[in-house]
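Worksheet: one structure, shown below.
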Amino acid sequence: MPCKDPLRKALDKLLNEDGIMGYQVKGEEVILFVESDEVARSLAIKEIQGHRITVRVSGRFEAL
Amino acid sequence: MDRTARFKTLAGGISIGSENITAGTLSGCFIDETDRTRVLVSNWHVFVGKPGETKILQPGPYDSGRAGDAVGILKRYVPVPPKEEFPWWRRLLCKLLGWLLEEWCTPSTEPAKVDCACATFDPVDKTRELVEGVYLDDGSIIHPKGSHPGDDIQGRRVWKSGRTTGVTTGTVVADTAKVKVWYGDRWIIFEDVIIVDGMARGGDSGSPTFLMKGSAPSEEDEFIGLLFAGSSTQFVVCKYKYIRQLLKVRWA
C-alpha cells in the first residue's frame with residue numbers, strides 16, 4: 001500500500017469531521033470546503049503542514 | 001418547457017429514473033464502447049437497480065412515470081466502494097483501545113470517482129426516439145459534439161441542463177477536489193471531482209455539464225461530465241475521463 005503524504009493524511013482525517021465537506025490541494029494552495037459559516041468561524045487552523053488554508057462555505061453536499 | 005413531461009424525443013436534460021427511485025435527469029445518448037450500441041446514461045443513484053432487470057422510466061416515477069413509460073433496462077453501473085467493515089473482535093478492540101490505535105481503528109475507504117450507470121434504449125412505445133444532444137429551456141435541442149476530460153478547468157465557466165432547474169451556468173471553483181456526499185443513509189467519499197459555484201436542486205442529478213466557450217450554451221461547447229450532487233450554492237460533477245474509463249461509454 002503506497003504511503004500517503006502527511007498533508008493529505010491530515011486533510012483526510014479532517015474530512016471525517018462533521019461540517020467538513022471536502023478539500024483540494026493544488027500546488028501550495030489548500031481549499032477547505034465547509035458546510036456553514038458557523039463551521040468556518042469555528043475552525044482554528046489557518047495552516048496545515050505548512051500550507052495556508054483558504055476556507056470556502058459550500059453547504060452540505062447531497063446526492064440530488 | 002416542462003422537463004418532467006413524457007417526451008417522444010429523448011435527449012439530455014429531462015426527467016428519468018429507475019422504477020426504484022423518484023426522478024433524476026437523463027444525461028443523454030452515449031455509445032457503449034463494449035458493443036457499439038446507443039445507451040441512456042445517468043447517475044447510478046438515478047438508475048439504481050439490478051442490471052438486466054430494472055426498468056428505466058421517462059419521466060421518472062415521481063413525475064408520474066409508469067410501466068408503459070419504460071424506455072430501457074439498466075445495463076450496468078460503476079460500483080461505489082463500500083466503507084471497510086471490521087470483524088466483531090476488531091470493533092471491540094477499537095472500542096476499548098481506539099484512543100491508542102487510532103490509525104488501525106479508522107476504516108479505510110477507497111474513494112469513488114464517478115456516480116454513473118447506463119441502460120439499454122428499448123422503449124415500450126416504439127415511436128419514441130433517442131437523439132444526441134441536450135434540451136435547452138426553450139425546448140430546442142443542441143448537440144455539442146466535443147468532449148473534454150474535465151482536468152485543468154478551474155476558473156472556467158460551465159453550464160448544465162437539468163430536470164429541476166433547467167439550464168444554469170456557473171464557475172469552476174475546484175477541479176481536483178475530494179468531497180464527501182450524503183446519500184440519505186451514508187456518506188460516500190469522491191476524489192478528483194469538479195466543484196462549481198452554481199445552482200442545482202433535487203432531481204438535477206445526472207445533468208450533463210459542458211465547458212462554455214462563449215457567453216451562452218452552444219454546439220461549440222464541450223461535454224465534461226455528470227452533475228451528481230450539490231448544496232444550495234454549489235454542485236459537484238464527476239469527470240468524463242473516468243466515466244469513459246470506468247463505465248466504458250462515450251459522449252455521442
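Every number in this text was worked out from the coordinates using simple rules, so none of it is lab data. Just so we're clear, the structure is a prediction, and the values are computed from it rather than from any experiment. As a convention, Cβ positions derive from the backbone with ideal geometry for all residues, glycine included, and neighbour counts pool all protein chains shown.
Laid out as a table, the results:
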item	result
FRET E, pair A:Arg8, B:Arg91, Förster distance 41 Å, beta-carbon r, rounded to 0.05	0.95
Added length on full extension, which subtracts the Cα-Cα distance from 0.36 nm per residue, A:Ser36 to A:Glu17	5.5 nm
Cα shape, segment B:176-250, gyration tensor, a/c 1.5 rule	oblate
Packing rank of B:116-127, B:222-233, where each peptide gets the mean count of other beta carbons within 10 Å, highest leading	B:222-233, B:116-127
Electrostatic dipole magnitude of the protein assembly as shown [Cβ: Lys, Arg +1; Asp, Glu -1; Cα centre; debye, to 20]	420
Alpha-carbon radius of gyration plus Dmax, which is the widest Cα pair, for segment B:1-105 in Å	20.1, 62
Electrostatic dipole magnitude of chain B [Cβ: Lys, Arg +1; Asp, Glu -1; Cα centre; debye, to 20]	400
Helical contribution to [θ] at 222 nm, DSSP H n ≥ 4, -39,500 (n - 2.57), averaged over the protein assembly as shown, rounded to 500	-2500 deg cm²/dmol
Isolated Cys in chain B, by beta carbon distance under 4.7 Å	B:Cys29, B:Cys116, B:Cys118, B:Cys238
Relative contact order %, segment A:8-55, counting alpha carbon pairs below 8 Å whose residues are six or more apart	32
Table column - 3J(HN,Hα) (Hz), segment B:218-232, Karplus curve with 6.51, -1.76, 1.60, x for Gly and Pro	8, 6, 7, 6, 10, 5, 10, x, 10, 5, 9, 7, x, 10, 6
Pairwise label distance in nanometres, B:Trp104 with B:Arg36, each label 7 Å out on the Cα-Cβ vector	5.6
Between segment B:33-89 and segment B:200-227, the Cα center-to-center distance that results, in Å	21
Hull shadow area, averaged, the protein assembly as shown [alpha-carbon convex hull, nm²]	17.5
Most positive-pole-ward Cα, B:Pro59, B:Ser42, B:Val78, against dipole of segment B:20-106 from beta carbon charges	B:Pro59
Nearest-20 debye value, chain A charge dipole, Cβ charges on Lys, Arg, Asp, Glu	220
